[in-house]
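Undergrad: Before anything else, here's the structure in question.
The values are calculated or read from the model by the stated rules, or taken from the named source; none is laboratory data. Bear in mind the structure is a predicted one, so any value in this text is a computation, not a measurement. Neighbour counts are summed over all protein chains in view; Cβ atoms, including those assigned to glycine, are modelled from backbone coordinates with ideal geometry.
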């Protein structure tokens, strides 16, 4: 019972911290506010996490590691580059629709503390482009895809999928769309963004 209770308490703390960090950022968040949100006292919060930095790192790690394995899976499977682009776009957008806070949270805090990413890169689930690069080069040599670096293609894929979520208020204003209409636009991007990229790089 004690173990179950401890796990439940920690889950409440991490969920409360996620909400506070999401709205206030690392610098603006206060441990007392997180404790209040979790429904515990500050002493108990410090029992689980001795400092705001340690708590933030736990929240950040949870958020990033929800996304990273999905990226790694798509990059390292045996599907073609075309299928990778389709799968990445569909999986990413479906995931972010369910977890809309993640892109802004990750980008905001990586800009604040870029050195923190060094720790994340040590995780075995951190994505890498090695297999993606090899497959891309093979398809270029086979005349399937135009010459393009793996880095540039990956940046294009990320930009077309990430930007509509991190710039949502701006894009909603530009396109004069309400929440429901914009959600539908994001669902449509599962195929729109993928087709745009594929049509730009395929030779045939």
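Undergrad: Here are 42, 84, 52: which of them is at pLDDT 85 or above, buried (at least 17 other Cβ atoms within 10 Å of the Cβ), farther than 24 Å from residue 158 by Cα and more than 12 Å from the chain's Cα centre (by Cα)?
TA: Among 42, 84, 52, only 52 is at pLDDT 85 or above, buried (at least 17 other Cβ atoms within 10 Å of the Cβ), farther than 24 Å from residue 158 by Cα and more than 12 Å from the chain's Cα centre (by Cα).
Undergrad: Looking at the stretch 139-161 only, could you name the residues that are assigned to a loop (DSSP other than H, G, I, E, B), exposed (fewer than 12 other Cβ atoms within 10 Å of the Cβ) and without any contact (Cβ under 8 Å) to a residue 24 or more places away in the chain?
TA: Correct list: 142, 147.
Undergrad: For the stretch 56-77, indicate whether the set of residues that are touching a strand residue (DSSP E or B) at 6+ places or on another chain (Cβ under 7 Å), assigned to a helix (DSSP H, G or I), at pLDDT 85 or above and under 30 Å from residue 138 (Cα atoms) is non-empty.
TA: No, because not a single residue in the stretch 56-77 is touching a strand residue (DSSP E or B) at 6+ places or on another chain (Cβ under 7 Å), assigned to a helix (DSSP H, G or I), at pLDDT 85 or above and under 30 Å from residue 138 (Cα atoms).
Undergrad: Hey, can you tell me all the residues within the stretch 120-134 that are assigned to a helix (DSSP H, G or I) and touching a residue at least 12 places away in the same chain (Cβ under 8 Å)?
TA: 120, 131, 132, 133
Undergrad: So, one more: All but one of (1) outside any loop (DSSP other than H, G, I, E, B); (2) under 22 Å from the mean Cα position of the chain (by Cα); (3) surrounded by 14 or more Cβ atoms within 10 Å (Cβ to Cβ) hold for residue 170; state the number of the condition that does not hold.
TA: (3)
Undergrad: Do we find that residue 94 is part of a loop (DSSP other than H, G, I, E, B) and under 30 Å from residue 152 (Cβ atoms) in this structure?
TA: no
Undergrad: Just for the stretch 173-204: of the residues that are surrounded by fewer than 11 Cβ atoms within 10 Å (Cβ to Cβ) and part of a loop (DSSP other than H, G, I, E, B), which one is farthest from the chain's Cα centre (by Cα)?
TA: Within the stretch 173-204, the match that is farthest from the chain's Cα centre (by Cα) is 204.
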